[in-house]
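Bear in mind that the values in this text are calculations on the coordinates, not laboratory data. Remember, predicted model here, so these are calculated numbers, not experimental data. Glycine gets a Cβ as well: all are built from the backbone with ideal geometry, and neighbour counts include every protein chain shown.
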Amino acid sequence: MSRPVDLAQLRASARDFAVKAHLADRSRELDEHPAFPWAEYRALGEKGWLGPRVPEDFGGAGWGYRAEATLLEELAANGGSVFAKLVLQPEFCSVLRHGSPAVVDRWYRPMLRGEVLVGNQITEPGAGSDVRALASRVERVRDGEGEHFVLTGVKSEAAFAADAKAALVYAQVPVPDGAPAITAFLVPQDLAGITVELHGDMGERWMRRGTVHYDSVRLPKEAQVGEVGKGFSYLVEELTQERAILAVIYLALARESHREVIEHARTRQLFGKRLGDLQAVGFALAEDSTLLDAATLYVEQTLDRLERGEDSASQAAMAKWLANTTALRVLDHAIQFHGGAGYSTKLPHEQRWRDVRSGGIAHGSHETLKMLKARELLGRK
Ligand SMILES: Cc1cc2nc3c(=O)[nH]c(=O)nc-3n(C[C@H](O)[C@H](O)[C@H](O)COP(=O)(O)OP(=O)(O)OC[C@H]3O[C@@H](n4cnc5c(N)ncnc54)[C@H](O)[C@@H]3O)c2cc1C
C-alpha cells in the first residue's frame with residue numbers, strides 16, 4: 001500500500017519550489033553550461049522528493065504513482081525536464097534494492113537524500129537494444145588477498161559518466177557448465193583501471209554522457225548486486241516502471257508548450273486575422289489538444305495498472321511511445337507556430353523538443369517497445 005498524499009497541496013508546493021529556485025532559468029543555464037545540478041539534487045533530497053515511490057523501508061517516501069506523477073508534472077512544467085529526471089534517478093537504480101544491506105546503506109539511502117549519484121551502465125558499443133549480447137565480463141579470482149572480481153569491458157552511452165560516484169554495471173559472469181549470465185555489480189567510479197571519455201549531446205546535456213572503459217578493474221566481493229544471472233530480469237522489471245513514469249514528463253513538457261502556443265495563436269495577427277484563425281493552425285492545435293488528452297488518459301490508466309500490481313510491461317512500453325511521439329509533434333508545432341522566435345533559444349520549445357527527443361532511444365527505443373507489444377499480440381515464435 002502506498003502512503004496517501006494530498007495531491008493539491010503537493011502540486012502547490014512543487015510549483016512554489018520550482019519558482020523560488022528559478023528552475024526554468026537553471027534548466028537553460030545547464031543546457032548552455034552542462035553540469036550536474038548538485039544544489040537542486042540535495043534540495044530535492046531534503047524535501048524527500050528524490051525517488052518518492054521508493055518504499056519507506058529503503059528510505060523513500062513510499063508514495064504511489066499518481067503522487068509521483070503530480071510532482072513530476074509541476075517540476076517539468078515549471079522547470080523543464082532536468083529536475084523531474086533528477087527525481088526519478090533513484091528509481092532508475094532500484095536494482096540496488098537487491099544489494100547487500102551494506103550496499104543499500106552506503107549507496108541507496110544516501111542517494112535518496114541527494115548525497116551521492118549512482119548511474120546505470122548497460123549499453124556497450126556492440127550491445128544496445130540487444131542486451132543479451134553484452135560482452136563485458138566479470139571473472140572470479142582467488143589470490144593471496146582472498147576472493148574478488150575482475151571487470152573488463154566498455155560501457156558506452158552512459159548518463160552521468162562525469163558525475164556518478166558509482167554505477168550499476170551489467171556484465172556477463174561465466175558459470176560452471178553454462179552460458180555466461182548477466183549480473184549486476186555496484187562499481188565505485190574511482191577504482192583503478194577506469195577511464196571515461198565524454199560525448200556531446202543534442203539535449204539533456206547536463207547528464208554529461210560518455211563511454212566508460214574498464215580495464216581489469218578489481219572489485220570487492222560485495223560489489224555483486226543480487227544473484228548471478230538475474231541482472232536481466234531485475235532490469236526488465238525496473239524498465240517497465242521507468243517507461244510509464246517517463247511518459248508523464250514528456251506530456252507535461254508538451255502541455256506547457258501547447259498552452260503557450262495557444263496563447264500566441266490567440267494574439268498574433270497576420271493577414272488581418274489571428275494566427276489561430278488560419279485553418280491549418282487551428283486544426284493542428286485542435287488535433288494536438290485531443291492527442292494530448294488521449295495520451296494522458298492512456299498513461300494514467302497504465303500508472304493505475306502498475307499501482308494495482310498488474311502485469312503492464314507492454315502497456316508501459318506503448319505509453320512511453322505514445323507520450324513521446326505525441327509530445328514531439330506538439331512541441332514541433334509550438335516551434336513552428338512561433339515562427340523564427342520558436343526556433344530560437346529565446347523560447348523554451350526547442351530545448352523541450354531536444355530533451356524529449358532522447359525518449360525515442362533511451363530506456364528502450366521506439367522499435368524495441370513496439371516489438372514487445374507485437375509479441376504480445378501475435379504470441380512468441
Ligand atoms: C539521452 C540518453 C541517455 C542514455 N543513458 C544511458 C545510460 O545511462 N546507461 C546506458 O546503459 N545506456 C544509456 N543510453 C543508451 C540507450 O539505452 C541505447 O542507445 C539504446 O538502448 C539503443 O541502443 P544502441 O544505441 O546500441 O542502438 P542499437 O541497438 O544499435 O539500435 C539502432 C537502431 O535500430 C533500432 N532497432 C533496434 N531493434 C530493432 C528492431 N528489431 N527492428 C527495427 N529497428 C530496431 C533502434 O531502435 C535504433 O533506432 C542512453 C541513451 C540516450 C539517448
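Counting Lys and Arg as +1 and Asp and Glu as -1, what is the net charge of the other residues whose Cβ lies under 12 Å from the Cβ of Ile245?
Around Ile245, the charge tally is -2.
In a Gaussian network model over the chain where Cα atoms closer than 10 Å are linked, find which of Arg66, Arg137, Arg106 has the largest mean-square fluctuation.
Comparing Arg66, Arg137, Arg106 in the GNM, the peak value goes to Arg106.
Quote the FRET efficiency, to the nearest 0.05, computed for Met1 versus Glu310 with a Förster distance R0 of 22 Å and r equal to the Cβ-Cβ distance.
So, using R0 = 22 Å, E works out to roughly 0.90.
In a shell of Cβ-Cβ distance under 11 Å around Glu157, excluding Glu157 itself, what net charge do Lys and Arg (+1) and Asp and Glu (-1) give?
Result for the neighbourhood of Glu157: 0.
Straight-line reach only, C-alpha to C-alpha below 23 angstrom: list the lysines that Lys47 could link to, leaving out same-chain residues fewer than 8 apart.
Those lysines meeting the cut-off are Lys20, Lys85, Lys165.
Just the projected area, averaged over all directions, of the convex hull on the alpha carbon atoms of the range 120-229: how many nm²?
Orientation-averaged projected area of the Cα hull: 7.2 nm².
Within the set of other residues whose C-beta is less than 13 Å from the C-beta of Lys320, count the net charge using Lys and Arg as +1 and Asp and Glu as -1.
+1
How many nm is it between the label spots at Asp25 and Arg42, if each spot is 7 Å from the Cα in line with the beta carbon?
2.0
Quick one: Karplus J couplings for the range 38-45, per residue in order, coefficients 6.51, -1.76, 1.60, θ = phi - 60°, nearest Hz, x for Gly and Pro?
4, 4, 5, 4, 5, 4, 5, x
For Cα pairs less than 8 Å apart in space and 6+ apart in sequence, what is the mean separation divided by the residue count of the range 120-229, i.e. the relative contact order in percent?
RCO, the range 120-229: 30 percent.
Given a cut-off of under 8 Å on Cα pairs at least six residues apart, what relative contact order in percent is computed for the range 233-381?
So the answer I get is 30 percent.
Please compute the contact order of the chain in relative form: average sequence separation of alpha-carbon pairs under 8 Å and at least six residues apart, divided by the residue count, as a percent.
About 15 percent, as a whole number.
Helix 366-378 versus the longest principal axis of the chain: what is the Cα-based angle in degrees, 0 to 90, to the nearest 10?
Taking the Cα atoms of the chain, the angle to 366-378 is about 80 degrees.
Antiparallel as a % of all DSSP beta bridges within the chain, to the nearest 5?
Details: 32 of 37 bridges.
Just about 85 percent of them are antiparallel.
Using only the alpha carbons, work out the radius of gyration and Dmax of the range 44-133 in angstrom.
14.3, 40
For Ser129 and Ala181, calculate 0.36 nm times their separation in residues minus their Cα-Cα distance, and state this gained length in nm to one decimal.
17.0 nm
Once the Cα atoms of helix 7-20 and of the chain are each reduced to a long axis, what angle between those two axes, in degrees from 0 to 90 to the nearest 10, is obtained?
90
Quick one: Karplus J couplings for the range 251-268, per residue in order, coefficients 6.51, -1.76, 1.60, θ = phi - 60°, nearest Hz, x for Gly and Pro?
Taking θ as phi minus 60°, the curve returns 5, 5, 5, 5, 4, 5, 5, 4, 4, 5, 6, 5, 4, 5, 5, 6, 10, 6 Hz for the range 251-268.
Scan around Arg268 for amide H atoms under 5 Å from its own, H built in the peptide plane at 1.01 Å from N, and keep only partners 5 or more places away or cross-chain.
Under 5 Å from the amide H of Arg268: Leu275.
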